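I have placed the structure first, in the form of structure tokens, so that the comments after it can refer back to it.
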Amino acid sequence: MRLVLVGPPGAGKGTQAQFLAAHYSIPHIATGDIFRANLKAGTELGNKAREFMDRGELVPDAITNEMVASRLEEADAVNGFLLDGWPRNVAQAEVLRAMMVEKKTPLNAVLEFSLPDEEIVARLSSRRTCRDCGAPSVGVDKCPTCGGEVYQREDDKAEVIARRLEVYAEQTAPIISFYRNEGLLISISASGSVEEITANAISALSRVAQ
């Protein structure tokens, strides 16, 4: 299974990515993990990215694209993968399409997790994070994992969430139309329990030829 996940912040994409990757026995490839691995290993691409990051600038698409391409060449991704956090825009989606054409292994599906803005704001603004272990929680005064103090991150405040949704609509949402036109888009609701969403995702993907 070669799969891309898309969805707004707060839709639970990262959580679902882990379950789906395990279900299909494919690597969960998140751009954040790729960046950290390249920086830690001091690769040529990592060093190039660090130059921009040290100046407080965004890492250019060309470097990110090359990092992803390199990751997809690794042995565990030969028979499938789940991309989470990339592509983020139509230009990157076109780069991925070209990669797949070259490999003669097209994507199977692009799974969109859909959630109304008001539910996203309510979900994220109620979220708290443990100062000690970093685990997320909702509606508690102490971390259920380690008992540490919980706090609200700056990017979980309502006004910041609203801006994050604006950025998503401007930059990332257009790839939904791109993949709909490609005939690859499958959209499911991100409302419900984690288990319900996972079951709905697997059911929707079961109709995709592998």
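When GLY139 is tested against (1) open to solvent by 70 Å² or more (accessible area, probe 1.4 Å); (2) closer than 19 Å to PRO8 by Cβ; (3) at pLDDT below 85; (4) not β-branched (Val, Ile, Thr), exactly one condition is not met: (2).
Residue count for the stretch 142-163, restricted to those that are touching a helix residue (DSSP H, G or I) at 6+ places or on another chain (Cβ under 7 Å), crowded, with 16+ Cβ neighbours inside 10 Å and among the aliphatic types (A, V, I, L, M): 1.
Where residues in the stretch 184-209 are in a loop (DSSP other than H, G, I, E, B) and among the polar types (S, T, N, Q), which of them is nearest to the chain's Cα centre (by Cα)? Top of the filtered list is SER191.
Listed by first and then second residue, the pairs linking a residue in the stretch 103-125 that is part of a loop (DSSP other than H, G, I, E, B) to a residue that is loosely packed, with under 14 Cβ neighbours inside 10 Å and modelled with pLDDT under 90, with Cβ atoms under 8 Å apart and 6 or more places separating them unless they lie on different chains, are ASN108/ALA209; ASN108/GLN210. Return yes when GLU166 is part of a helix (DSSP H, G or I), surrounded by fewer than 16 Cβ atoms within 10 Å (Cβ to Cβ) and free of Cβ contacts under 8 Å to residues at least 60 places away in the same chain and no when it is not. Answer is yes for this residue. Anything in the stretch 42-90 that is in a loop (DSSP other than H, G, I, E, B), touching a helix residue (DSSP H, G or I) at 6+ places or on another chain (Cβ under 7 Å) and touching a residue at least 40 places away in the same chain (Cβ under 8 Å)? List them, or say none. The answer is GLY80, GLY85, TRP86, PRO87, ARG88, ASN89. Regarding LEU124, is this residue farther than 17 Å from ILE29 by Cα, modelled with pLDDT under 90 and open to solvent by less than 20 Å² (accessible area, probe 1.4 Å)? Answer is yes for this residue. The set of residues in the stretch 6-23 being open to solvent by less than 40 Å² (accessible area, probe 1.4 Å) and more than 18 Å from GLY192 (Cα to Cα) consists of ALA21 alone. Would the stretch 15-23 turn up any residue that is farther than 21 Å from SER189 by Cα, out of contact with any Asp or Glu (no Cβ under 7 Å at 6 or more places or on another chain) and at pLDDT 90 or above? No, that holds for no residue. For the list (1) in a helix (DSSP H, G or I); (2) open to solvent by 20 Å² or more (accessible area, probe 1.4 Å); (3) in contact (Cβ under 8 Å) with a residue 40 or more places away in the chain; (4) of a type outside the set (Lys, Arg), I need the number of the one condition that MET100 fails. If we test MET100 against (1) in a helix (DSSP H, G or I); (2) open to solvent by 20 Å² or more (accessible area, probe 1.4 Å); (3) in contact (Cβ under 8 Å) with a residue 40 or more places away in the chain; (4) of a type outside the set (Lys, Arg), just (2) comes out false. The lone criterion from (1) surrounded by fewer than 18 Cβ atoms within 10 Å (Cβ to Cβ); (2) in contact with a Pro (Cβ under 9 Å, 6 or more places away or on another chain) left unmet by ILE175 is number (1).
The values are calculated or read from the model by the stated rules, or taken from the named source; none is laboratory data. Source: prediction; values computed, not measured. Reconstructed Cβ throughout: ideal geometry from the backbone, glycine too, with neighbour counts over all protein chains shown. For the accessible areas, the whole protein counts, side chains as well, though only heavy atoms, and no ligand, DNA or RNA atoms are used. Shrake-Rupley method; radii C 1.70, N 1.55, O 1.52, S 1.80 Å.
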